Amino acid sequence: MNNPADLRYTSSHEWLRLEADGTATVGITFHAQDALGELVYVELPEVGRKLAQGESCVVVESTKAASDVYAPVAGEVLAVNPALAEAPQTVNESPYADGWLFRMRPSDPSQIDALLDAGAYAAGPGAG
């Protein structure tokens, strides 16, 4: 399983990429999308919404189940991925690139340091 080394991960299978401008891009891991199966709907947060770390902010629905996605860190939603309204399966096809869910401005960047690195995620929650 491919867990990019430049990302940080949560035990609930979200990933976060810190961008050069201090914002963060968030999505779900390969493991998460693989467990869910083909996504048929993604409900994204409103731009401007303030999120607490661990708060449910996205719902992904597959042919098998619906699942919540949680904010890996606290912050404000800056953008959502508009392509997912028409093509939710993009998350399955490209979970670490085109299938990103939302972008945010972290309110406490130190929270990112507490997230799992690729090795810890692969050895723990992402194993299997």
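So that you can scan it fast, the table gives a plain yes or no per residue for (1) buried (at least 22 other Cβ atoms within 10 Å of the Cβ); (2) acidic (Asp, Glu); (3) closer than 23 Å to Asp21 by Cβ; (4) out of contact with any strand residue (DSSP E or B) (no Cβ under 9 Å at 6 or more places or on another chain):
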| site | (1), (2), (3), (4) |
| --- | --- |
| Gly75 | yes, no, yes, no |
| Asn81 | no, no, yes, no |
| Leu84 | yes, no, yes, no |
| Pro88 | no, no, no, no |
| Tyr96 | no, no, yes, no |
| Gly99 | yes, no, yes, no |
| Arg103 | no, no, yes, no |
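Does any residue of the range 4-21 turn out to be farther than 12 Å from Tyr121 by Cα, among the aromatic types (Phe, Trp, Tyr) and modelled with pLDDT of 95 or more?
Looking only at the range 4-21, we keep the residues that are farther than 12 Å from Tyr121 by Cα, and these are 6, 16-21.
Add one more test, that the residue is among the aromatic types (Phe, Trp, Tyr), and what stays is none.
No, every residue in the range 4-21 fails to be farther than 12 Å from Tyr121 by Cα, among the aromatic types (Phe, Trp, Tyr) and modelled with pLDDT of 95 or more.
Keeping to the range 97-111, report how many residues are under 13 Å from the mean Cα position of the chain (by Cα) and in contact (Cβ under 8 Å) with a residue 12 or more places away in the chain.
We begin by selecting, within the range 97-111, every residue under 13 Å from the mean Cα position of the chain (by Cα); these are 97-104.
Okay, now just the ones that are also in contact (Cβ under 8 Å) with a residue 12 or more places away in the chain, so 98-104.
Residues flagged as under 13 Å from the mean Cα position of the chain (by Cα) and in contact (Cβ under 8 Å) with a residue 12 or more places away in the chain within the range 97-111 amount to 7.
Counting just the residues of the range 55-73 that are within 11 Å of Leu44 (Cα to Cα) and hydrophobic (A, V, I, L, M, F, W, C), which one comes out surrounded by the fewest Cβ atoms within 10 Å (Cβ to Cβ)?
Val59
Need a quick list: strands (runs of 3 or more DSSP E) entirely within the range 1-96 having at least 1 residues that are in contact (Cβ under 8 Å) with a residue 12 or more places away in the chain and more than 11 Å from the chain's Cα centre (by Cα). It would help to see each step written out before you state the result.
Working: elements: 14-18, 24-28, 39-43, 56-62, 66-70, 75-80.
Passing ranges, in order: 14-18, 39-43, 56-62, 66-70, 75-80.
The values are calculated or read from the model by the stated rules, or taken from the named source; none is laboratory data. Since we're looking at a predicted model, the values are computed, not measured. Here Cβ is always computed from backbone atoms with ideal geometry, including for glycine, and neighbour counts include all displayed protein chains.
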